[in-house]
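Here the structure comes first, spelled out in structure tokens, and everything after it is commentary.
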Amino acid sequence: MRALFVTIAGLSLAGCPKATPPSDDAGASAVTTVSAVTSASAATSPDASASAKASFGGKYTVAAANMYVPSEKDWANVKFKNDESKHLGDGELSLAIDENGTVSGSTEGGPLGASIVEGLADGKTVTATIRRKDANDEGLTGTLSATREGDKIEGTMKLAEFNAAVVREAKVSLSKK
């Protein structure tokens, strides 16, 4: 069995040609071409400035949201009681967008408490998920959907408590730091 393995390994290695490194001129030419193409596409791309690295900070305001329960026969006995006293009010949110469009951020106080924000920015659109820093704190989780125009990000967060006993919606308004 060992001999078979050694034979197969030897045949696979023997069939692989050795790669020869490019000459110095070819490598420099490739780098120059890639740099020129990258620079040209960044200059002509309509979203080039929108995808630039930036940090934002601002406020969010959480209010009670409605949950739709159908009235058909199968849903007739389903009742939803949205606790109107929990997770309401204002808080602060920080977001950073890197040069690749990766969104990262956090909240520390307010109705969201300690949470982590992660997502993507695509020119004018910013989307992210909101999750708990401590999964056991039974706080709000959800999604962020916003629009970036210049130095501002405006949008909404759709949020719910871990057991969906509380459903919330938040308005978000952030400015470039």
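The values are calculated or read from the model by the stated rules, or taken from the named source; none is laboratory data. Predicted model only: the values in this text are computed from it and were never measured. Reconstructed Cβ throughout: ideal geometry from the backbone, glycine too, with neighbour counts over all protein chains shown.
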| said: Checking residue 138 against (1) crowded, with 22+ Cβ neighbours inside 10 Å; (2) out of contact with any Leu (no Cβ under 7 Å at 6 or more places or on another chain), only one condition comes out false. Which one? | reply: (1)
| message | Condition first: surrounded by fewer than 15 Cβ atoms within 10 Å (Cβ to Cβ), assigned to a strand (DSSP E or B) and charged (D, E, K, R). Now tell me which residues in the stretch 142-151 satisfy that. | response | 149
| Any idea how many residues of the stretch 108-132 are free of Cβ contacts under 8 Å to residues at least 40 places away in the same chain and either in a strand (DSSP E or B) or under 14 Å from the mean Cα position of the chain (by Cα) (or both)? | 14
| message | Being in a strand (DSSP E or B), aliphatic (A, V, I, L, M) and more than 15 Å from residue 120 (Cα to Cα) is the filter here; which residues of the stretch 157-166 pass it? | response | 159, 160
| Looking at 63, 40, 50, which one is within 31 Å of the chain's Cα centre (by Cα), at pLDDT below 50 and under 30 Å from residue 168 (Cα atoms)? | 50
| message | Suppose we filter 99, 169, 154 for residues that are of a type in the set (D, E, K, R), in a loop (DSSP other than H, G, I, E, B) and surrounded by fewer than 19 Cβ atoms within 10 Å (Cβ to Cβ); which single one remains? | response | 99
